[in-house]
Amino acid sequence: MAGDPRPRVGVLALQGDVREHVRALTSLGADVDLVRRPAELERVDGLVIPGGESSVIDKLSRAFGMKHPIRDAIRSGLPVYGTCAGLIMLADRITDGIAGQETFGGLDVTVKRNAFGSQVDSFETDLEVPVLGEPPVHAVFIRAPLVEEVGQGVEPLARLDDDRVVAVRSGNLLGTSFHPEVTGDLRFHGLFLDAVRARAGRHGADVRAG
Ligand code: GLN
């Protein structure tokens with residue numbers, strides 16, 4: 001129902017920092033399910049793909065029979081938020097993947113894995129994010145990817161000082177190179193839940209009209 005205060009969202013729980021996302025979403029008032037099976041995906045109105053290791057998430061999603069259901073859900077407009085490895089999983093194209101690495105896709109971007117090299121493997125910085133307003137977002141990057149190319153219809157939401165893109169949105173898909181779930185600044189999760197609530201409202205109206 002539109003404005004439902006408790007949206008039901010899933011966190012893809014194959015590998016990665018699942019618990020941090022569960023905590024973030026729960027503290028924002030969502031009901032959170034761990035999603036490992038297609039039937040669990042069907043019950044949620046939005047999905048978070050956590051940070052972790054994208055090549056492992058790719059392999060496990062195939063092993064668990066989740067790859068095609070997630071692709072189909074993305075295609076049909078399910079709101080999905082990917083952080084770090086999750087952003088990689090949402091990219092239509094990746095560079096520096098391991099041999100045979102695949103993604104779910106949906107975001108018309110090219111994402112480079114491990115884009116910051118070993119010397120600055122991990123770092124923190126404050127990012128201006130106009131769509132979130134003030135204050136800047138304190139962003140934690142951990143062996144992070146970068147958005148190298150942005151296709152039509154993809155909105156860059158944040159850039160580093162040198163202009164490289166580290167957060168994007170396209171339709172109901174949201175991706176960040178960094179990890180808001182570990183800092184306590186939950187405005188990106190809030191943006192995701194706005195999309196979940198908006199779609200759940202429309203969906204309910206469609207079902208009632210149909
Ligand atoms: N380097 C990881 C990968 O390629 C992403 C790191 C992360 O999610 N913190 O999947």
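The values are calculated or read from the model by the stated rules, or taken from the named source; none is laboratory data. All of these numbers come straight from a predicted model, not from anything done at the bench. Note that we place each Cβ from the backbone using ideal geometry, even for glycine, and neighbour counts take in every protein chain shown. Ligands, DNA and RNA are excluded from the accessible area calculation, which covers all protein heavy atoms including side chains. Shrake-Rupley method; radii C 1.70, N 1.55, O 1.52, S 1.80 Å.
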Kindly provide the set of residues from region 76-104 that are more than 22 Å from L193 (Cβ to Cβ), in a loop (DSSP other than H, G, I, E, B) and either open to solvent by 50 Å² or more (accessible area, probe 1.4 Å) or among the polar types (S, T, N, Q) (or both), ordered by number. D96, I98, A99, G100, Q101, E102, T103
Whichever residue in region 105-127 is assigned to a loop (DSSP other than H, G, I, E, B), among the hydrophobic types (A, V, I, L, M, F, W, C) and in contact with a Lys or Arg (Cβ under 9 Å, 6 or more places away or on another chain) and, among such residues, is farthest from E53 (Cα to Cα): F116
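Conditions (1) assigned to a helix (DSSP H, G or I); (2) within 16 Å of the ligand (Cβ to nearest atom); (3) out of contact with any helix residue (DSSP H, G or I) (no Cβ under 8 Å at 6 or more places or on another chain); (4) of a type in the set (A, V, I, L, M, F, W, C), marked per residue:
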| site | (1), (2), (3), (4) |
| --- | --- |
| R6 | no, no, yes, no |
| H21 | yes, yes, no, no |
| L25 | yes, no, no, yes |
| D45 | no, no, no, no |
| G52 | no, yes, no, no |
| S55 | yes, yes, yes, no |
| K59 | yes, yes, yes, no |
| I74 | yes, no, no, yes |
Those residues of region 76-88 that are in contact (Cβ under 8 Å) with a residue 12 or more places away in the chain, more than 11 Å from the ligand (Cβ to nearest atom) and not aliphatic (A, V, I, L, M) come to a total of 3
Kindly evaluate L34 against the criterion of being within 17 Å of V18 (Cα to Cα), under 18 Å from the mean Cα position of the chain (by Cα) and assigned to a helix (DSSP H, G or I). no
May I ask you to list pairs of residues, at least six apart or on different chains, whose Cβ atoms are under 7 Å apart, with the first in region 52-73 being without any contact (Cβ under 8 Å) to a residue 40 or more places away in the chain and the second being open to solvent by 50 Å² or more (accessible area, probe 1.4 Å) and within 13 Å of the ligand (Cβ to nearest atom)? G52/Q15; E53/Q15
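To keep it simple, each residue is scored yes or no on (1) out of contact with any Cys (no Cβ under 8 Å at 6 or more places or on another chain); (2) near the ligand (Cβ under 10 Å from one of its atoms); (3) under 25 Å from V11 (Cα atoms).
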| residue | (1), (2), (3) |
| --- | --- |
| L90 | yes, no, yes |
| R93 | yes, no, yes |
| F104 | yes, no, yes |
| L107 | yes, no, yes |
| G117 | yes, no, no |
| S122 | yes, yes, yes |
| L132 | yes, no, yes |
Give region 12-35 a look and list any residue that's crowded, with 17+ Cβ neighbours inside 10 Å and under 21 Å from A63 (Cβ atoms), or say none. L12, A13, L14, Q15, G16, D17, V18, D33, V35
Which residues, counting only those in region 139-186, are open to solvent by less than 70 Å² (accessible area, probe 1.4 Å), among the acidic types (D, E) and within 16 Å of the ligand (Cβ to nearest atom)? E181
